[in-house]
Amino acid sequence: MLIHPMAERLRGLGLAAMADAFLDMHNQSAADDLSREDWLGLLIDREVTARENKRLGRRLNLARLRQNAVVEDADLRTPRGLDRGLFQSLTTCAWIRDSHHVLIGGPTGVGKSWLACALGHKACRDGFSVLYRRAPRLFADLATARGEGRLARLMRSLERTRLLIIDDWGPEPLNAEQRRDLLEIVDDREGKGSLLITSQVPIGRWHEIIGDPTLGDAILDRVIHRSHRIELKGDSLRKRQALAAAESLTNAKEK
């Protein structure tokens with residue numbers, strides 16, 4: 001069988017990556033020394049890798065992560081309360097498999113959102129569906145869906161998402177509809193999904209944000225007792241980066 005017709009037949013079967021690999025290998029003299037089994041193995045590996053990359057791309061697109069962050073770039077040297085052992089444990093995504101939660105607290109600018117996006121990216125790489133939402137945007141989406149009669153559909157979509165990231169929780173108190181929506185979201189996570197919540201408001205004040213003692217107890221009981229907690233501290237990373245950039249510019253001018 002001719003080479004190019006064979007490649008086209010592979011494409012017709014939906015094996016485009018295998019077809020490209022077949023043509024690449026045919027043009028490499030080193031491939032002549034490979035056995036038929038090695039040839040086939042390399043072709044299959046190329047197709048599998050291409051399909052995994054496509055699935056990862058789709059998961060990342062649906063996740064809508066705010067920052068392009070990966071766990072490999074995490075700064076574990078700067079003293080800001082990020083426990084190395086806990087962080088490395090979280091990067092295995094075992095907490096998601098166990099339907100546990102992660103709560104990241106600390107003042108503004110210390111890297112809470114970055115860390116949340118990095119863990120979300122790792123979850124996508126490990127095959128989990130992820131959705132990132134800032135808390136104000138999430139509640140706005142829920143309010144819009146309620147007004148358009150599609151709240152139930154949105155809630156089902158959130159329920160099917162394995163990791164829901166709620167960034168920048170608080171400090172604005174919730175209204176009655178938001179409290180009920182949050183309880184439903186948290187309840188749907190029970191044994192089926194995980195939450196990652198970031199907030200500059202201490203957990204001890206979350207009852208104030210929820211604004212209803214009964215619903216507050218119900219929500220926090222479902223979240224806190226199955227959560228891993230990270231409390232970041234220190235100066236704003238944005239401020240530190242700005243000062244470093246200014247210092248670098250000054251040094252460059254002096255030279």
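The values are calculated or read from the model by the stated rules, or taken from the named source; none is laboratory data. Being a predicted model, the structure only gives us computed values, none of them experimental. Here the Cβ is made from the backbone with ideal geometry for all residues, glycine too, and neighbour counts use every protein chain on show.
How about the range 111-185: which helices (runs of 4 or more DSSP H) wholly inside it have at least 1 residues that are of a type in the set (Phe, Trp, Tyr)? Please lay out each step first, then the result.
On the way: elements: 112-125, 135-147, 151-160.
Qualifying helices (runs of 4 or more DSSP H): 112-125, 135-147.
Look at (1) buried (at least 16 other Cβ atoms within 10 Å of the Cβ); (2) part of a helix (DSSP H, G or I); (3) modelled with pLDDT of 80 or more and you find that Leu65 fails only one, number (2).
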